[in-house]
Amino acid sequence: MAIGTAFTDEALERASLALNNHRAKDAERIAAEVLQVEPRHVHASHILGRALLAQGRAEDAVVLLENAARGKHDPEIDTTLAMALRQAGRSADALNRLRRTTKRHPRFAPALRELGSLLFALDQSEEAIEALEPRPDLILATGDLTDRGKPKEYRRLRKLLAHSSIPVFVVTGNHDDRGALRAAFADHPYLPQHGPLQWTVDVGPLRVIGLDTVRKRHPGGELDPERLLWLAERLEEAPARPTLIAMHHPPFAIGVGPVDAHGFRGVDALAALIASHPQVARIVCGHVHRAVTVAFAGTAASTAPSTAPQLVLDRAGALYRLRLEAAGFALHRWTGSRITSEVCYLDARGAPARAQLWGA
Ligand SMILES: [Fe+2]
């Protein structure tokens, strides 16, 4: 008996190693041999399930993993089973299992990540955000809310946002159309009816300012004298209120040539204005599909990861490439004396890299 256990342990160690080295067929063979001797071995069933899953045999993996899950309440097995169920097209079963697992094991990160990823894939990213504790006071959508600025795209966006019980504030980007955005969000009273889409909203002790950095028929950023004057007046009227500025284009280079080449007209005047208003605690931006943070004019300025494909940080390359990988967002919190920011991802495993070229 002792010899058998030692053999099993050693075999399963080899099988794990094979799996980790992407030799799924070897792992399958070894785990299957163990199961021939010990048909109810939980760990062997789990490894065989993982090996089958790695080879795209999700339905076979489900059978093995359900056996393993019956033999032991283990969050790791439950999470692998949920992944297999999802790949086998049984998303509702996967969701139920993950909800049960995360309830029992609220700190088990792989299950939480898989749940976030699944909710996102099921168009339930709002649920993933609303599940945050503490619950955010508002969601800032920092521009490029659509791809081509068409009314039907905004209708689809409104449908997606309709599930959110957290108020959403929108900023315009170079892929938006001011008129179509304004019409689609006509019930958002903070949006002005004419001119640039700039606004302020006070949330507790914090002032949030949305800026319109769109440059006509150009992917780059711009703040002309009219928009800067508006910002100066808003900053002057509440100099003691900690202020967060949300804008689409980052006012700094990120080190990726084709993106930086778009430029930002008026950025020096913006920097001078921010430098003379120390209440500006943070500038948050979108546009570049990647989290980058810099010191800017006496404050911190950052971009956020995208809820869509992410920018490939290929600083040596001449192409602006996007890749399907973890969707994410930035979470900002006013502590009473400063803003702390963290970057959250809904799928830390990353989706299969499907690189796609993006015209610079
Ligand atoms: Fe953009």
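Residue under question is L197, and the condition is that it be within 16 Å of the ligand (Cβ to nearest atom) and in the same structural domain as L138 (by TED's automatic domain parsing); does it hold?
Yes; evaluated as a whole, the condition is true for this residue.
What is the residue count in region 178-234 for residues that are among the aromatic types (F, W, Y), within 21 Å of R158 (Cα to Cα) and in a helix (DSSP H, G or I)?
So the count comes out to 0.
Being modelled with pLDDT of 85 or more and either over 29 Å from I339 (Cβ atoms) or under 19 Å from the mean Cα position of the chain (by Cα) (or both) narrows it down to one residue among R178, R148, R113; which is it?
R148
Restricting attention to region 156-175, which residues are within 16 Å of the ligand (Cβ to nearest atom) and assigned to a helix (DSSP H, G or I)?
L157
Of everything in region 217-237, what is among the charged types (D, E, K, R) and within 14 Å of the ligand (Cβ to nearest atom)? Give them in sequence order.
Hits for region 217-237 are R217, E222.
Which of the residues belonging to region 254-267 are part of a loop (DSSP other than H, G, I, E, B) and either loosely packed, with under 15 Cβ neighbours inside 10 Å or within 15 Å of the ligand (Cβ to nearest atom) (or both)?
I254, G255, V256, A261, H262, G263
Determine which single condition R40 fails, assuming it passes every other condition in (1) over 23 Å from the mean Cα position of the chain (by Cα); (2) part of a helix (DSSP H, G or I); (3) among the basic types (K, R).
(2)
Picking from H41, H105, H46, H22, which residue would you name as being assigned by TED's automatic domain parsing to the domain that holds L119 and loosely packed, with under 15 Cβ neighbours inside 10 Å?
Going through H41, H105, H46, H22 in turn, the sole match is H22.
The values are calculated or read from the model by the stated rules, or taken from the named source; none is laboratory data. Predicted, not measured: the structure shown is a model, and the values here were computed from it. So basically every Cβ, Gly included, is an ideal-geometry build from the backbone, and we count neighbours across all protein chains shown.
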